[in-house]
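K.L.:
Got a structure here, written out as structure tokens. Questions coming.
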Amino acid sequence: MRQRLANWLVVLISVIVLLSAVVVAYLQSTAG
Amino acid sequence: MKASDKRLGVLWIVLYVLFAIAPLAFMLVGERPMGRDLIREISVALGFTGIGLMALHFVLTARIGAIKAPYGSDIVYFFHHKIAFFTLALWLAHPLILVYAFGWNWGLLNIFTGAWRQKWGIASVVALLVLVGWSVLRRRLQLDYVRWRIWHGVLAALAMLAVMTHAFMVGRYIGTPVKQAFWVVYGLVALGLVLYLRVYKPLQMLRKPYRVAEVRPELGETYSLVVEPVGHAGLRFEPGQFAWLTAHRSPLTAHEHPFSFSSSSERPERIEFGIKELGDFTSTIRDLQPGEPVYIDGPYGAFSPDRHEDDDQLVFVAGGVGITPIMSILRSMADRGDTRPAVLLYGSYDLEWATFREEIAALERQLSLRVVHVLENPPEGWEGEAGYVTRELLVRYLPPEGTRYSVYICGPTPMLNAVERALHALGIPPARVLMERFDLA
């Protein structure tokens, strides 16, 4: 159960990190 | 679980996410270059977050007690193993996306022809690939633990150093002196944690040595290693916790192994570990002679009833040498005069493999403890429990509904998983189920 929760935490953090990277990349790509 | 541990648990997760994405700030804050294709910026952003996650691996493995307290060391290492694959994926995605963005130009990955900034980048990815690959293979092929452990630290430090240098030399987002200074500090903190773990802590251990008092054979091919502090008061620990032990060598050689305390936490001047002969190092324990120096780094772990003081009853499930931390808890309960009702479900191959059996029987008389041996291979005429610790067996021995209790499980992984699933099916909240896994490193 704790390992399953840890697995979900890994997934959640991965998604947050990926989304943050894409948003920052978009903001930077539009920088003039 | 203590309320302060719960708050810390949430705080660390929030901080973890913030630190993971913190390097992205180098792309957004201060002087910024002109924007480029989205695909190239995505590649860079993934690279920066990959560096953020890599730096956090040094934090996860630096044995910082306050970080591990809310979750337990085993889960922190489990998380470290799992998030390592995502970290590697980000490190691979960064160059591969650039190869794609430059029209599938695989020449970008040529370490011989590339500029120095590329060489550092490629070297860092290769180091991380070897690092993760070796770790996966070590578990599958049971490769030498000590050699792997030393190289794990070296490769991690090299990968970090190389990737920091790569980003610094590319310089697109680390161009100003302020950003450069921040970048250097960021890298130094991560590498400083390696020095903290591999140099500072061993030096501390050298200053507080122990000596072997006794090596006592127990049932089940297990030995009780008894050590006494030399020139200091010993170690305060919570029953159920563990420590990293170095024997035969200096702690600076990184030849250390984790073992649970088996002695009472009320006797810090005479510390015992229960060690089963399972591998190269554990089979040398019996050769230790009284007076030989040993070094201890600890305590670690959250597998302790001291963190669940509101429990009215305690339930222990042990398998094989998993009895060791539970022995520490029972001995501590005896020394403290703790008479809360407790039940121990103790799985063994047969009674001759039930380590500490006789002392447990004595503790059963002294404490409000009920001991249930669950034998895989029961003798003829055995009227006790046989087989494994199953859901049906748990139902027979768990305290009645309305009782406030925690379940402490320690044993081989298949047993831990089976008992955990059974308890989940019985509706026991996860916060009330504490486990200690052996395979944490």
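K.L.:
Looking only at residues in segment B:33-45 that are of a type outside the set (Gly, Ala, Ser) and touching a residue at least 40 places away in the same chain (Cβ under 8 Å), which one is nearest to the other protein chains (Cβ to nearest Cβ)?
P.N.:
B:ILE42
K.L.:
Suppose we filter B:ASN377, B:ASN417 for residues that are in the same structural domain as B:GLY322 (by TED's automatic domain parsing), touching an Asp or Glu at 6+ places or on another chain (Cβ under 6 Å) and without any contact (Cβ under 8 Å) to a residue 40 or more places away in the chain; which single one remains?
P.N.:
B:ASN377
K.L.:
Here's a follow-up. Exactly one of (1) more than 9 Å from chain A (Cβ to nearest Cβ); (2) closer than 30 Å to B:HIS257 by Cα; (3) in a helix (DSSP H, G or I) is unmet by B:ARG7. Its number?
P.N.:
(2)
K.L.:
State which residue is nearest to B:VAL321 (Cα to Cα) when the search covers only segment B:390-414 and only residues that are within 19 Å of the chain's Cα centre (by Cα) and part of a helix (DSSP H, G or I).
P.N.:
Ranking the qualifying residues of segment B:390-414, first place goes to B:THR413.
K.L.:
Can you tell me which residue among B:ALA418, B:ALA422 is within 14 Å of chain A (Cβ to nearest Cβ), touching a Ser or Thr at 6+ places or on another chain (Cβ under 7 Å) and surrounded by 14 or more Cβ atoms within 10 Å (Cβ to Cβ)?
P.N.:
Just a single option satisfies the conditions, and that option is B:ALA422.
K.L.:
Could you list all residues from segment B:350-377 that are in a loop (DSSP other than H, G, I, E, B), over 20 Å from B:GLU272 (Cβ atoms) and either touching a Phe, Trp or Tyr at 6+ places or on another chain (Cβ under 7 Å) or at pLDDT 95 or above (or both)?
P.N.:
Answer for segment B:350-377, where residues must be in a loop (DSSP other than H, G, I, E, B), over 20 Å from B:GLU272 (Cβ atoms) and either touching a Phe, Trp or Tyr at 6+ places or on another chain (Cβ under 7 Å) or at pLDDT 95 or above (or both): B:SER368, B:GLU376, B:ASN377.
K.L.:
Any idea which residue in segment B:276-315 is surrounded by the fewest Cβ atoms within 10 Å (Cβ to Cβ), counting only those that are touching a Lys or Arg at 6+ places or on another chain (Cβ under 7 Å) and among the acidic types (Asp, Glu)?
P.N.:
Step by step, filter segment B:276-315, then rank; the result is B:ASP310.
K.L.:
Right, something else. Among the numbered criteria (1) in contact with a Lys or Arg (Cβ under 9 Å, 6 or more places away or on another chain); (2) within 30 Å of B:MET205 (Cα to Cα); (3) among the aliphatic types (A, V, I, L, M), which single criterion is violated by B:ILE326?
P.N.:
Only one criterion in (1) in contact with a Lys or Arg (Cβ under 9 Å, 6 or more places away or on another chain); (2) within 30 Å of B:MET205 (Cα to Cα); (3) among the aliphatic types (A, V, I, L, M) is unmet by B:ILE326, namely (1).
K.L.:
If we scan segment B:74-94, do we find a residue that is within 28 Å of B:PHE182 (Cα to Cα), among the aliphatic types (A, V, I, L, M) and away from chain A (no Cβ under 13 Å)?
P.N.:
So far as segment B:74-94 goes, yes, one or more of its residues are within 28 Å of B:PHE182 (Cα to Cα), among the aliphatic types (A, V, I, L, M) and away from chain A (no Cβ under 13 Å).
The values are calculated or read from the model by the stated rules, or taken from the named source; none is laboratory data. All values derive from a computational prediction rather than experimental measurement. So basically every Cβ, Gly included, is an ideal-geometry build from the backbone, and we count neighbours across all protein chains shown.
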